Amino acid sequence: MSQAADDKAVERARALVGTTLEGRYRIERVLAMGGMGAVYLGRHLKLKKRVALKVLHPDVGDQPELVMRFEREALAGAQVSHPNVACATDCGDLDDGMRYLVMEYVRGETLRAVIDREAPFDATRAVIIARQIAVGLGEIHARGIVHRDLKPRNVMLET
């Protein structure tokens, strides 16, 4: 993506902060940006519960393979309930064509942030991190799900 496209995506993501999706989910702040969309800290207004909201970039709708990947992610995330895996609880389509996925909000830090701050890891720390990843992957693999985007930015470590 070009710098201009990146800037436009960031601007679009920030524009959603403070809005409410379908009268239920208030977007509080941007947590992360990715190639397909943005992830926000949100709040379920009726349940008074923090959630993570993944909203696809509007132009992703022109790429059916990415939309199918997003839908598979929503379906797979709804099938798993495990401390090392964020479960999906809802999804929907907005009037403007944007799609969103509601996930459990997991407290912690991304592996990317921990690597940036602490690397290189000693053996004990590396084993603790690897175990968290392996346990989560084991759970989803046991359900026949293959994670197709495993990277440090997508791994949340327990705090």
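The values are calculated or read from the model by the stated rules, or taken from the named source; none is laboratory data. Everything quoted here is computed from the prediction, not taken from an experiment. Note: ideal-geometry Cβ built from the backbone for every residue, glycine included; neighbour counts use all protein chains shown. To get the accessible areas, we keep the full protein, side chains included, count just its heavy atoms, and leave off ligands, DNA and RNA. Shrake-Rupley method; radii C 1.70, N 1.55, O 1.52, S 1.80 Å.
Miscellaneous remarks
- Taking the range 24-37 as the range and being under 18 Å from Pro152 (Cβ atoms), open to solvent by less than 50 Å² (accessible area, probe 1.4 Å) and part of a strand (DSSP E or B) as the test, only Ala32 passes.
- Residue within the range 2-14 that is open to solvent by 60 Å² or more (accessible area, probe 1.4 Å) and at pLDDT 90 or above present: no
- Criterion violated by Arg153 - all others in (1) of a type in the set (Lys, Arg); (2) in contact with a strand residue (DSSP E or B) (Cβ under 9 Å, 6 or more places away or on another chain); (3) not in a helix (DSSP H, G or I) satisfied: (3)
- Set side by side, the residues Leu21, Leu66 differ, and just one is among the hydrophobic types (A, V, I, L, M, F, W, C), in contact with a Phe, Trp or Tyr (Cβ under 9 Å, 6 or more places away or on another chain) and open to solvent by less than 60 Å² (accessible area, probe 1.4 Å), which is Leu21.
- Contact annotation: residue pairs with Cβ atoms under 8 Å, 6 or more positions apart or on different chains, pairing a residue in the range 115-141 that is at pLDDT 95 or above with a partner that is surrounded by 12 or more Cβ atoms within 10 Å (Cβ to Cβ) and aliphatic (A, V, I, L, M), are Phe121/Ile129.
- The set of residues in the range 38-62 being under 26 Å from Leu150 (Cβ atoms) and assigned to a loop (DSSP other than H, G, I, E, B) consists of His57 alone.
- Consider the range 119-131 and keep the residues that are open to solvent by less than 90 Å² (accessible area, probe 1.4 Å) and in contact with a helix residue (DSSP H, G or I) (Cβ under 9 Å, 6 or more places away or on another chain). The one that is nearest to Asn84 (Cα to Cα) is Ile129.
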